[in-house]
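Here the structure is laid out as structure tokens; the discussion comes afterwards.
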Amino acid sequence: MKKILNIKKRSMFLNKRGFTLIEMLLVIAIIGILAGAVYTMIGDSSDAKTKSALSTMKSIMPYAQECQFKGDDLSSNPVDGNPICSGSETNWPALGPSECSYDTGSASTWVVNCAFATSVSINCDARDGVCNVN
């Protein structure tokens, strides 16, 4: 009887020595998912914000070009909610990223400045239909 108890104790001890491969892979997968989630929250998102602002600027390009074709100058002080030009019913849209703001433009151009980790300037020209990031 004593010999049977020793065998059971020994087999219980052998089974509880370490983690199984499945348990280790599961822990590694969970850590990887958590690390990815944390990285996206604290990572550098200025590139995505710049693309968002650039997309907004490109979306109003047809309206700015329409003003140019009609001979109207773009608003010299673009502010979200104000008309793009004197003859337009379309207003300057609100910029997605809060770090971005409209800057003064000219008769056919407008500028958006964004103050992220690095300063970004988006220059748009209605004559060419092009927006460039500087």
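Here Leu5 meets the list (1) modelled with pLDDT under 85; (2) surrounded by 10 or more Cβ atoms within 10 Å (Cβ to Cβ) almost entirely, failing just condition (2). For Ala64, the requirement of being modelled with pLDDT of 80 or more, assigned to a loop (DSSP other than H, G, I, E, B), assigned by TED's automatic domain parsing to the domain that holds Asp128 and within 23 Å of Asn134 (Cβ to Cβ) is not met.
Residues in the stretch 39-88 that are among the hydrophobic types (A, V, I, L, M, F, W, C) and over 20 Å from Phe116 (Cβ atoms): 9 in all. Consider Asp72 carefully, then state whether it is touching a Phe, Trp or Tyr at 6+ places or on another chain (Cβ under 7 Å) and assigned to a loop (DSSP other than H, G, I, E, B). Taking the combined requirement at face value, the residue does not satisfy it. A single entry from Asn82, Asn77 fulfils the requirement of being in the same structural domain as Gly129 (by TED's automatic domain parsing) and either modelled with pLDDT of 85 or more or of a type in the set (Asp, Glu) (or both): Asn82.
All conditions in (1) assigned to a loop (DSSP other than H, G, I, E, B); (2) modelled with pLDDT under 70; (3) exposed (fewer than 10 other Cβ atoms within 10 Å of the Cβ); (4) not aromatic (Phe, Trp, Tyr) hold for Gly18, with the sole exception of (2).
Applying the condition of being in a loop (DSSP other than H, G, I, E, B) and either surrounded by 15 or more Cβ atoms within 10 Å (Cβ to Cβ) or not assigned by TED's automatic domain parsing to the domain that holds Gln65 (or both) to the stretch 94-106 and asking which residue is nearest to the chain's Cα centre (by Cα) yields Pro97.
When you scan the stretch 82-97, do you find a residue that is out of contact with any Gly (no Cβ under 7 Å at 6 or more places or on another chain) and touching a residue at least 60 places away in the same chain (Cβ under 8 Å), even just one? No, the stretch 82-97 has no match at all.
Within the stretch 115-134, how many residues are part of a loop (DSSP other than H, G, I, E, B), within 25 Å of Asp72 (Cα to Cα) and among the hydrophobic types (A, V, I, L, M, F, W, C)? It would help to see each step written out before you state the result.
So in the stretch 115-134, the residues part of a loop (DSSP other than H, G, I, E, B) come out as 116-118, 126-129, 134.
Now restrict to residues that are within 25 Å of Asp72 (Cα to Cα): 126-129.
Keeping just the survivors that are among the hydrophobic types (A, V, I, L, M, F, W, C) gives 126.
So the count comes out to 1.
Summed over the stretch 110-134, the residues that are in contact (Cβ under 8 Å) with a residue 24 or more places away in the chain, surrounded by fewer than 16 Cβ atoms within 10 Å (Cβ to Cβ) and either within 16 Å of Lys58 (Cβ to Cβ) or not assigned by TED's automatic domain parsing to the domain that holds Cys67 (or both) give a count of 3.
Scanning the stretch 33-60 for residues that are surrounded by fewer than 17 Cβ atoms within 10 Å (Cβ to Cβ), out of contact with any Cys (no Cβ under 7 Å at 6 or more places or on another chain) and modelled with pLDDT of 85 or more returns Ile33, Leu34, Ala35, Ser55, Ser59.
The values are calculated or read from the model by the stated rules, or taken from the named source; none is laboratory data. This is a predicted model, so every value here is computed, not measured. Virtual Cβ from ideal backbone geometry, glycine too; neighbours counted across all protein chains shown.
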